[in-house]
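S.K.: Below is the structure I would like to discuss, written out as structure tokens.
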Amino acid sequence: AALRERLAAAAQAPGPIAALVVGDAGVGKSRLLGAFLDELPRGTSVVELRASPFHRGQGLQPVRALLWDLAGLRADRSPDHRPGQ
């Protein structure tokens with residue numbers, strides 16, 4: 001219901017709307033979001049960011065990964081070959 005409310009708000013908003021889904025491992029976050037995404041109208045834009053306990057020391061790691069993807073840069077390159085690192 002909360003995700004559907006955010007979707008309704010997004011339809012009326014002049015800009016993007018965000019929803020944050022958090023919970024312990026195994027509680028069904030991915031399943032919940034998968035079912036929700038299946039209900040979205042065709043053409044709805046979705047940006048999905050996932051955090052990882054393996055990147056706790058890297059600030060804003062999901063956002064950084066998104067920017068790398070949007071820039072067409074490969075995250076698997078060594079740090080010596082990545083600009084801005």
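FYI, it's all coordinate maths here, none of it is from the lab. Worth saying up front: this structure is predicted, and the values here are computed from it rather than measured. Don't worry about glycine lacking a Cβ; one is built from the backbone with ideal geometry, like all the others, and counts go over all protein chains shown.
S.K.: Which residue fluctuates the most in the chain, going by a Gaussian network model with Cα springs under 10 Å, if the choices are Asp24, Asp38, Asp69?
M.R.: Looking only at Asp24, Asp38, Asp69, the biggest GNM fluctuation is shown by Asp24.
S.K.: List the longest stretch of the chain that has no exposed loop site; here a site is one of the trypsin sites (Lys or Arg not before Pro) assigned by DSSP to anything other than H, G, I, E or B, with at most 15 other Cβ within 10 Å.
M.R.: It works out to 1-41.
S.K.: A follow-up question, please. How big is the chain on each of its three principal axes, counting only the C-alpha atoms and giving the largest first in Å?
M.R.: Largest first, the chain extends 45, 32, 20 Å along its Cα principal axes.
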